[in-house]
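As structure tokens, the structure follows; a few thoughts come after it.
The values are calculated or read from the model by the stated rules, or taken from the named source; none is laboratory data. Just so it is clear, the model here is predicted, and its values are computed rather than measured. Here the Cβ positions follow ideal geometry from the backbone for every residue, glycine too, while neighbour counts run over all protein chains shown. These accessible areas exclude ligands, DNA and RNA; they are computed on the full protein's heavy atoms, side chains included. Shrake-Rupley method; radii C 1.70, N 1.55, O 1.52, S 1.80 Å.
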Amino acid sequence: MALNVGISGFASYAPPFKVSLESWCGWTGNAWDKVSAVIGRSFRQPGPHESIYTMAANAVLRLIDQYEIDPRDVGLLAFGTESSTDNAAGAVIVRGMIDRALALRGRPRLARACEVPEFKHACLGGVYALKAAARYVATDGQGKKAIVVCGDIAEYERGSSGEQTQGAGAVAMLVEEEPKLLRLDLAHTGSSSDFRGMDFRKPVARHFSDQYAPNTDRYADFPVFNGKYSTFCYLDAVTHASRDMFERLGEEPASFYQRVAAVFMHRPFHWMPVNGMTSMYVAGLADSEVGREELKQLATQAGVDYDEALIEIRASGDLLDGAMRCGIDSEPYPKVSAIAKVARNAPGLKAILKDKMRLGSDKMRDLGNLYTAALPAWIAAGLEQAYELGEDLAGKTVLAVGYGSGDAAEAMPMQVVEGWQEAASRIGFSRALEQSVELTREEYEQRHDGKVVHIAYVPRGEFVVDRVGERTDAAFQDIGIEYYRYVPEVGEIATAAE
């Protein structure tokens, strides 16, 4: 029997500090036409008063407010992130902030009997947290609600190939029985994982090397990555996850892509989901009785042998082994890549890219890479836009494809429930992006590099890092521990207390 568990609400938080990529191109000499087409328009940078925990707490508090959640009903608060700065505590830090803000308003705290796990697997941690929350609500947490918050700070060293793909923010989701937005189809969710070695990593040892971030005077979480190899890993992982999903569904890819109403994927930048969907589409042709003729035509256009391409598509090779033997940038699937280049002109794929990946896509161009929060942010933006346009999605299937470097992927079908519009009207994704302070070159670079810089911004209605502990003596220790404070909106506490 299918579980009636899913998502009933979204809430987002984005730092107010924005870097225009058009301005950045002027500062760095990059081509704006290429960056705007491939990456996006801007990205967000956290302020000196923020941490990953304050951003996550901001999103959770907004979720509670926007959907009028009784905190006592929440039995699970799960945090998906790869930006934690505490190797012991996780979601309980977010809980602590929420409890104190609720107390200031005269409201009850979150239930004491509330689980507070943190999930980590690069950008896929949030999807794993979502699946765990759904399983909790469906089993030992029946009658309870769960909140999943995904948040990250994606930062790269200035001058690196990843600099323009930075970003920061958090997205919270309400998970419950009889969902008001999306029913999760866990029984048919496809999975994929394989170890990729030096794809994208954050080894602790890098902090002890003089070669790491030599120009940055603060704690920096810059990843160790190999861009071209990472792209190969992404394409391979999402393709295998989608194939597992189709096997579970017992449905040919061509049929599924025809009926699905929208597709959302992990998007480190604007163009990556296009590449991912193209790879999934080509593999789907090989797995569809009706698709192989189209695959033959595409192989002919690409100038590759169809039978050899079919073998390559169906292979499940070890990308790490190939990279070690042939070089980190060696193409693992050359025939598939050649077919993919011509496939973008195929009517079936063009329809998916144009019609089924459009919802929320333009809004995401102003956010940057959010790692674990990138996929839920796009879903939130897409549902909000569908509501604004008056589109009828009730009863239709949408596809969410998550990915985490290293690597792993999940392909999850979801059904839009009847009456979804009311919950979608509360998402407030665009509203979360409204408050912004565009940084100058000097402000961006000094903030990025850890220099002291004053930016005219007064926090209101959000959590801040009040101070950081420094003591480490025998009587008391708090070195490195952040202390948080909720800064209310003008009149907020008085209004809540009345």
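Quick check on my filter: what residues within region 327-344 are open to solvent by 30 Å² or more (accessible area, probe 1.4 Å), aliphatic (A, V, I, L, M) and under 27 Å from the mean Cα position of the chain (by Cα)?
The answer is Ile328, and nothing else.
For the condition in contact with a His (Cβ under 8 Å, 6 or more places away or on another chain) and either part of a helix (DSSP H, G or I) or touching a residue at least 24 places away in the same chain (Cβ under 8 Å) (or both), what is the one hit in Val464, Val490?
Numbers: Val490 fails: in contact with a His (Cβ under 8 Å, 6 or more places away or on another chain).
Only one candidate qualifies: Val464.
In region 45-71, how many residues are modelled with pLDDT under 95 and open to solvent by less than 10 Å² (accessible area, probe 1.4 Å)?
Number of matching residues: 1.
If I filter region 319-326 for residues that are open to solvent by less than 40 Å² (accessible area, probe 1.4 Å), farther than 28 Å from Leu383 by Cβ and of a type in the set (D, E, K, R), do I get at least one hit?
Looking through region 319-326, none of the residues is open to solvent by less than 40 Å² (accessible area, probe 1.4 Å), farther than 28 Å from Leu383 by Cβ and of a type in the set (D, E, K, R).
Considering only residues that are in a loop (DSSP other than H, G, I, E, B) and in contact with a Gly (Cβ under 9 Å, 6 or more places away or on another chain), look in region 221-238 and name the one that is surrounded by the most Cβ atoms within 10 Å (Cβ to Cβ).
Of the residues in region 221-238, the ones in a loop (DSSP other than H, G, I, E, B) are 221-223, 226.
Among the residues that remain, those that are also in contact with a Gly (Cβ under 9 Å, 6 or more places away or on another chain) are: 222-223.
Working: Phe222: 18, Pro223: 21.
Only one residue fits best here, namely Pro223.
Would you check which residues across region 296-337 are part of a loop (DSSP other than H, G, I, E, B) and not polar (S, T, N, Q) and list them? Break it down stepwise before answering.
Here is the first cut: in region 296-337, the residues part of a loop (DSSP other than H, G, I, E, B) are 303-305, 315-318, 327-333.
Matches in region 296-337: Gly303, Val304, Asp305, Ala315, Gly317, Asp318, Gly327, Ile328, Asp329, Glu331, Pro332, Tyr333.
Return a yes/no flag: does region 56-78 have any residue that is farther than 26 Å from Arg460 by Cβ, in contact (Cβ under 8 Å) with a residue 24 or more places away in the chain and not in a strand (DSSP E or B). Break it down stepwise before answering.
Residues of region 56-78 that are farther than 26 Å from Arg460 by Cβ, as a first pass: 72-73, 75-76, 78.
Now drop any that are not in contact (Cβ under 8 Å) with a residue 24 or more places away in the chain, which leaves 72-73, 75-76, 78.
Subset that is not in a strand (DSSP E or B): 72-73.
Yes, region 56-78 contains at least one residue that is farther than 26 Å from Arg460 by Cβ, in contact (Cβ under 8 Å) with a residue 24 or more places away in the chain and not in a strand (DSSP E or B).
Mind counting the residues in region 393-432 that are modelled with pLDDT of 95 or more and either out of contact with any Leu (no Cβ under 9 Å at 6 or more places or on another chain) or not in a strand (DSSP E or B) (or both)?
First pass over region 393-432, keeping only residues modelled with pLDDT of 95 or more: 393-405, 408-432.
If we keep only those that are either out of contact with any Leu (no Cβ under 9 Å at 6 or more places or on another chain) or not in a strand (DSSP E or B) (or both) as well, we get 393-397, 399, 405, 417-432.
Of the residues in that region, 23 qualify.
Please enumerate the residues belonging to region 95-113 that are surrounded by 20 or more Cβ atoms within 10 Å (Cβ to Cβ) and either touching a residue at least 60 places away in the same chain (Cβ under 8 Å) or part of a loop (DSSP other than H, G, I, E, B) (or both). Walk me through it before giving the result.
Narrowing region 95-113 to residues surrounded by 20 or more Cβ atoms within 10 Å (Cβ to Cβ): 95, 97-98, 101, 110.
Within region 95-113, Met97, Ala101, Leu110 meet the criteria.
Check region 186-201 and report whether any residue there is touching a residue at least 24 places away in the same chain (Cβ under 8 Å) and more than 23 Å from the chain's Cα centre (by Cα).
Among the residues of region 186-201, not one is touching a residue at least 24 places away in the same chain (Cβ under 8 Å) and more than 23 Å from the chain's Cα centre (by Cα), which makes the answer no.
Just name the residue that is nearest to Ala432 (Cα to Cα) out of those in region 446-478 that are of a type in the set (Asp, Glu) and surrounded by 16 or more Cβ atoms within 10 Å (Cβ to Cβ). Can you show your working first?
To start, the set of residues in region 446-478 that are of a type in the set (Asp, Glu) comprises 449, 462, 466, 470, 473, 478.
If we keep only those that are surrounded by 16 or more Cβ atoms within 10 Å (Cβ to Cβ) as well, we get 449, 462.
On the way: Asp449: 26, Glu462: 12 Å.
Per the criteria, the residue is Glu462.
Could you check Asp329 against (1) among the acidic types (Asp, Glu); (2) within 18 Å of Leu235 (Cβ to Cβ); (3) modelled with pLDDT of 95 or more and say which number it fails?
Failing condition for Asp329: (3).
From the list Val92, Val38, Val74, exactly one residue is crowded, with 16+ Cβ neighbours inside 10 Å and out of contact with any Lys or Arg (no Cβ under 9 Å at 6 or more places or on another chain). Which is it? Reasoning before the result, please.
Numbers: Val38 fails: crowded, with 16+ Cβ neighbours inside 10 Å; Val74 fails: out of contact with any Lys or Arg (no Cβ under 9 Å at 6 or more places or on another chain).
Residue meeting the stated conditions: Val92.
Inspect all residues belonging to region 342-352 and state whether any of them is modelled with pLDDT under 95, within 18 Å of Val263 (Cα to Cα), in a loop (DSSP other than H, G, I, E, B) and hydrophobic (A, V, I, L, M, F, W, C).
Yes, that holds for at least one residue.
Out of Arg243, Arg206, Arg218, which single residue is among the charged types (D, E, K, R) and either assigned to a loop (DSSP other than H, G, I, E, B) or open to solvent by less than 10 Å² (accessible area, probe 1.4 Å) (or both)? First the steps, then the outcome.
Working: Arg243 fails: either assigned to a loop (DSSP other than H, G, I, E, B) or open to solvent by less than 10 Å² (accessible area, probe 1.4 Å) (or both); Arg206 fails: either assigned to a loop (DSSP other than H, G, I, E, B) or open to solvent by less than 10 Å² (accessible area, probe 1.4 Å) (or both).
None of the others qualify; the one that does is Arg218.
Is it true that some residue in region 479-486 is modelled with pLDDT of 95 or more, in contact with a Leu (Cβ under 8 Å, 6 or more places away or on another chain) and either charged (D, E, K, R) or open to solvent by less than 60 Å² (accessible area, probe 1.4 Å) (or both)?
Within region 479-486, the first condition is being modelled with pLDDT of 95 or more, and the residues that meet it are 479-486.
Applying the additional criterion that residues be in contact with a Leu (Cβ under 8 Å, 6 or more places away or on another chain) yields 486.
With either charged (D, E, K, R) or open to solvent by less than 60 Å² (accessible area, probe 1.4 Å) (or both) added as a condition, the list becomes 486.
Scanning region 479-486 turns up at least one residue that is modelled with pLDDT of 95 or more, in contact with a Leu (Cβ under 8 Å, 6 or more places away or on another chain) and either charged (D, E, K, R) or open to solvent by less than 60 Å² (accessible area, probe 1.4 Å) (or both).
Just one of the numbered conditions (1) within 23 Å of Phe264 (Cβ to Cβ); (2) touching a residue at least 24 places away in the same chain (Cβ under 8 Å) is not true of Gly303; which one?
Result: Gly303 passes all but (1).
What's the number of the condition Asn215 fails, among (1) modelled with pLDDT of 95 or more; (2) touching a Lys or Arg at 6+ places or on another chain (Cβ under 8 Å); (3) more than 23 Å from Ala11 (Cα to Cα)?
Unmet for Asn215, out of (1) modelled with pLDDT of 95 or more; (2) touching a Lys or Arg at 6+ places or on another chain (Cβ under 8 Å); (3) more than 23 Å from Ala11 (Cα to Cα): (1).
Does Ala262 satisfy the condition of being within 30 Å of Lys396 (Cα to Cα), touching a Leu at 6+ places or on another chain (Cβ under 8 Å) and open to solvent by 40 Å² or more (accessible area, probe 1.4 Å)?
Values: within 30 Å of Lys396 (Cα to Cα): yes; touching a Leu at 6+ places or on another chain (Cβ under 8 Å): yes; open to solvent by 40 Å² or more (accessible area, probe 1.4 Å): no.
Answer is no for this residue.
Got a number for residues in region 129-164 being closer than 21 Å to Gln66 by Cβ and open to solvent by less than 20 Å² (accessible area, probe 1.4 Å)? Reasoning before the result, please.
Narrowing region 129-164 to residues closer than 21 Å to Gln66 by Cβ: 129-130, 133-134, 137, 144-151.
So of that shortlist, the ones also open to solvent by less than 20 Å² (accessible area, probe 1.4 Å) come out as 129-130, 133-134, 137, 146-151.
So the answer is 11.
Among the residues of region 114-137, write down those that are over 17 Å from the mean Cα position of the chain (by Cα) and in a strand (DSSP E or B).
Glu115
Taking the criterion of being within 23 Å of Met364 (Cβ to Cβ), surrounded by 24 or more Cβ atoms within 10 Å (Cβ to Cβ) and among the hydroxyl-bearing types (Ser, Thr, Tyr), would at least one residue in region 22-32 satisfy it?
Checked region 22-32: no residue is within 23 Å of Met364 (Cβ to Cβ), surrounded by 24 or more Cβ atoms within 10 Å (Cβ to Cβ) and among the hydroxyl-bearing types (Ser, Thr, Tyr).
Considering only region 19-35, state which residues are part of a helix (DSSP H, G or I), of a type in the set (Val, Ile, Thr) and touching a Phe, Trp or Tyr at 6+ places or on another chain (Cβ under 9 Å). Steps first, please.
Filtering region 19-35 down to residues part of a helix (DSSP H, G or I) leaves 21-28, 32-35.
Subsequent filtering for residues that are of a type in the set (Val, Ile, Thr) retains 28, 35.
If the condition is that a residue be part of a helix (DSSP H, G or I), of a type in the set (Val, Ile, Thr) and touching a Phe, Trp or Tyr at 6+ places or on another chain (Cβ under 9 Å), then Val35 is the only one that fits.
Of Gly360, Gly348, which residue is crowded, with 18+ Cβ neighbours inside 10 Å, small (Gly, Ala, Ser) and within 28 Å of the chain's Cα centre (by Cα)? Let's see the steps before the verdict.
Details: Gly348 fails: crowded, with 18+ Cβ neighbours inside 10 Å.
Of Gly360, Gly348, the one residue that is crowded, with 18+ Cβ neighbours inside 10 Å, small (Gly, Ala, Ser) and within 28 Å of the chain's Cα centre (by Cα) is Gly360.
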